[in-house]
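Novice: Take this structure first; my questions come after.
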Amino acid sequence: MKVLVADDELISRRKLQALLTTWGYEVVSVEDGNAAFELLKAPNAPRIGLLDWVMPGKNGVDVCRAIRRDRPEPYTYMLLLTAKDAKENIVEGLESGADDYLIKPWDPDELRARLRTGQRILQLEDRLVEARETMRFKATHDHLTFLLNRGAIVDLLERELVRTFREKGCTIVMLSDLDHFKNVNDTYGHLVGDEVLQETARRLLGSVRSYDFVGRYGGEEFLMVLNNCDTSQAMLRAEELRKAVENRPIQTSRGPLSATMSIGVLSSRDWDHRKAAEILCEVDAALYRAKASGRNRSELARPNAPCNAL
Amino acid sequence: MVRSPSQYGENLDRASILKRLEGNQELLTELVQLFLGEAPQLIEAMRNALQQGDMQGLGRSAHSMKGAASNFSAYGTVNAASQLENDAKNEDSESAKASLVTLEVVVERLLPELENLCQESPK
């Protein structure tokens with residue numbers, strides 16, 4: 001594990017560096033607080049900082065405050081090493097955001113044990129963050145297709161509409177629905193239906209750019225939010241997605257199955273700024289027209305009376 | 001207050017210094033060498049700072065000397081440097097002059113003691 005040592009005094013710095021190296025730490029050492037701060041907030045920074053209090057530039061306490069303010073994550077474990085031994089110094093040091101406080105001259109056994117405590121806390125922190133990220137993923141993604149779930153893709157659409165309206169850009173919104181999907185479930189069972197949904201998701205994701213978004217909107221409905229579009233390209237893009245599903249049969253455990261998809265398409269530039277709910281209603285109406293006109297096709301939503309089906 | 005340098009006589013405890021270095025004699029030698037090089041420079045810097053009335057610089061060097069000496073539990077030097085650091089903080093240049101002389105005497109004595117420390121290594 002990488003440890004930062006900040007001490008302006010040469011011998012103390014060298015001593016720390018030598019002992020820490022013996023204990024298996026990788027040591028980076030600096031002579032002042034400003035350098036310590038820069039290193040601790042850099043990418044791939046040391047997770048543990050051993051800071052002298054009195055240093056030129058930022059002192060150790062300043063570094064603690066600045067890191068807590070500017071670098072909440074990943075957590076940095078900071079230990080003040082100082083000759084200041086008055087109770088009010090200890091309190092001030094800890095209140096500045098230091099995790100621990102050791103008075104010079106420190107005992108190597110004690111420092112070593114306290115560093116182990118630091119490592120333990122960092123490991124707990126890492127596990128907690130990992131668990132939180134897993135939960136965050138689960139909360140925003142569909143468990144079958146791993147696409148964004150309905151809540152997440154609709155939130156995202158809302159944000160994109162606001163952003164592109166502000167930046168005078170445009171967003172293409174597509175709502176698609178697998179044709180006659182109920183037949184797949186009824187004929188081959190839900191497990192095969194799931195396989196079709198998973199493969200459809202893969203093909204849709206594979207057909208958009210890395211900065212576009214695909215979500216599972218409902219059972220066999222998918223919502224696509226495409227950025228920085230050229231309005232005239234909206235229908236072409238929709239056709240690409242439609243063909244990605246139609247072109248090759250989907251391999252399932254019950255053999256290859258053909259699938260097709262109908263799509264409602266909307267380009268936000270053709271509309272004033274509208275809420276996601278209204279946009280979704282309009283694009284749903286276009287999808288309905290695509291279905292009514294024989295399925296396996298794309299239909300462009302056109303500005304007309306506000307959608308009342310909310 | 002007049003201080004006599006003799007009250008700051010060092011009596012370095014080799015065993016306890018080594019214990020703080022986990023018995024690493026090579027490291028002890030290296031740190032002593034660093035101190036032998038650094039101490040005269042710090043003294044020089046303190047003289048200059050005092051002459052120029054740079055109390056902040058004086059305090060910083062005194063603080064460094066205190067930190068450096070504390071690695072060898074050289075409490076006479078630590079105390080003398082600490083006194084000088086306080087004088088600098090209080091901007092008391094008269095007292096600082098006296099404290100610096102004391103510190104110089106104490107460090108003068110410390111250096112050969114430190115050298116002995118390295119040569120004492122049991123074979």
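Novice: Count, for each residue of B:61-74, the Cβ atoms from other chains sitting within 10 Å of its Cβ, then give me the mean as a whole number.
Specialist: Numbers: counts 0, 0, 6, 7, 1, 4, 14, 5, 3, 7, 8, 2, 1, 0.
What the average comes to for B:61-74 is 4.
Novice: Over region A:22-136, what relative contact order in percent results from Cα pairs under 8 Å that are six or more residues apart?
Specialist: On the way: 127 pairs, mean separation 24.9, N = 115.
Relative contact order, region A:22-136: 22 percent.
Novice: Can you tell me how region A:1-43 classifies by the Cα gyration tensor, rounded, prolate or oblate, using a/c under 1.5 as the rounded cut? List each step's numbers first, then the result.
Specialist: Numbers: a/c = 4.29, a/b = 1.22, b/c = 3.52.
Verdict is oblate for region A:1-43.
Novice: Still on this model: With +1 on each Lys and Arg Cβ and -1 on each Asp and Glu Cβ, and nothing else charged, work out how big the dipole of region A:71-138 is about its Cα centre, in Debye to the nearest 20.
Specialist: In debye, rounded to 20, region A:71-138 gives about 280.
Novice: Tell me which of A:A290, A:F213, A:C229 sits at the most positive position along the dipole axis of region A:209-310, charges placed on C-beta atoms (Lys, Arg +1; Asp, Glu -1).
Specialist: Selected residue: A:A290.
Novice: Provide A:D99, B:D87, A:D126 in ascending order of the number of other Cβ atoms located within 10 Å of each residue's Cβ, fewest first.
Specialist: Values: A:D99 19, B:D87 23, A:D126 13.
Ranked by crowding around the Cβ, least crowded first: A:D126, A:D99, B:D87.
Novice: Charges only on Cβ, +1 for Lys and Arg, -1 for Asp and Glu: so what's the dipole of the protein assembly as shown about the Cα centre, in debye to the nearest 20? Show your work: numbers first, answer last.
Specialist: Values: 56 positive and 66 negative charges, 352 e Å.
Using Cβ point charges on Lys, Arg, Asp and Glu, the protein assembly as shown gives about 1680 debye.
Novice: If you count, for every residue in B:19-26, the Cβ atoms of partner chains within 10 Å of its Cβ, what is the mean? Mind showing how you got there, number by number?
Specialist: Working: counts 3, 7, 5, 7, 1, 5, 0, 1.
Neighbouring Cβ atoms belonging to other protein chains average 4 per residue here.
Novice: OK, next. Which whole-number percent gives the relative contact order of chain B, counting Cα pairs below 8 Å spaced six or more residues apart? Can you show the working numbers first?
Specialist: Numbers: 126 pairs, mean separation 40.1, N = 123.
The value is 33 percent.
Novice: When A:F222, B:F35 are ordered from fewest to most other Cβ atoms inside 10 Å of their Cβ, what list results? Kindly include the intermediate steps, with their values, before the conclusion.
Specialist: Values: A:F222 27, B:F35 24.
Exposure proxy ranking, most exposed first: B:F35, A:F222.
Novice: Okay, moving on. With contacts defined as alpha carbon pairs under 8 Å and 6 or more residues apart, what's the relative contact order of region A:1-86 in percent? Could you put the intermediate results ahead of the total?
Specialist: Numbers: 146 pairs, mean separation 26.8, N = 86.
After rounding, I find 31 percent.
Novice: Filter the cross-link list A:K41/A:K138; A:K41/A:K275; A:K2/A:K84; A:K41/B:K66 down to pairs whose alpha-carbon distance in this structure exceeds 32 Å. Please report the intermediate quantities before stating the final value.
Specialist: Numbers: A:K41/A:K138 30 Å; A:K41/A:K275 39 Å; A:K2/A:K84 26 Å; A:K41/B:K66 30 Å.
Those over the limit are A:K41/A:K275.
Novice: For every other residue with a beta carbon closer than 15 angstrom to the beta carbon of A:V196, add +1 if it is Lys or Arg and -1 if Asp or Glu, then tell me the sum. Kindly include the intermediate steps, with their values, before the conclusion.
Specialist: Numbers: positive: A:K182, A:R202, A:R203, A:R216, A:R248, A:R254; negative: A:D142, A:D177, A:D179, A:D186, A:D194, A:E195, A:E199, A:E220, A:E221, A:E246.
Charge balance near A:V196 sits at -4.
Novice: Right, here's the next one. Given DSSP loops and a limit of at most 15 other Cβ atoms within 10 Å, what is the longest stretch of chain A that contains no such trypsin sites (Lys or Arg not before Pro)? Don't skip to the end; give the middle numbers.
Specialist: Details: sites that count: A:K41, A:K168, A:R209, A:R254, A:K275, A:R295.
That gives A:42-167 as the longest site-free run.
Novice: Could you give the C-alpha radius of gyration of region A:101-172 expressed as a fraction of 2.2 N^0.38 Å, taking N as the number of residues it contains? Intermediate results must be reported in sequence, preceding the final value.
Specialist: On the way: Rg = 22.9 Å, N = 72, 2.2 N^0.38 = 11.2 Å.
Here the Cα radius of gyration is 2.05 times the empirical estimate.
Novice: Specify the inter-centroid distance of region A:64-78 and region A:21-52, based on alpha-carbon positions, in whole Å.
Specialist: 13 Å
Novice: Oh, and also: Which value, to two decimals, describes the C-alpha radius of gyration of chain A once divided by 2.2 N^0.38 Å? Walk me through the numbers before you get to the answer.
Specialist: Working: Rg = 28.9 Å, N = 310, 2.2 N^0.38 = 19.5 Å.
So chain A has a normalised radius of gyration of 1.49.
Novice: On to the next question. Let's see if you can work this out: charge +1 on each Lys and Arg Cβ, -1 on each Asp and Glu Cβ, no other charges. What is the dipole magnitude of region B:1-98 about its Cα centre, in debye to the nearest 20?
Specialist: Numbers: 9 positive and 13 negative charges, 34 e Å.
Result for region B:1-98 is approximately 160 debye, rounded to the nearest 20.
Novice: Also, quick follow-up: Show me, for region A:31-37, the HN-Hα J-couplings you get by feeding each phi into the Karplus relation (A = 6.51, B = -1.76, C = 1.60, θ = phi - 60°), rounded to Hz, glycine and proline as x.
Specialist: Result, ordered by residue: 9, 8, x, 5, 5, 4, 4 Hz.
Novice: Shifting gears a bit: What is the fewest-to-most order of A:V27, A:V91 by other Cβ atoms lying within 10 Å of their Cβ?
Specialist: On the way: A:V27 18, A:V91 11.
Going from sparsest to densest Cβ surroundings: A:V91, A:V27.
Computed from the coordinates by the stated procedures, all read-outs in this text should not be read as laboratory data. Bear in mind that the values here come from a model prediction, so they are computed numbers and not experimental data. A quick note on method: Cβ atoms are made from the backbone with ideal geometry, for glycine too, and the neighbour counts reach across all protein chains shown.
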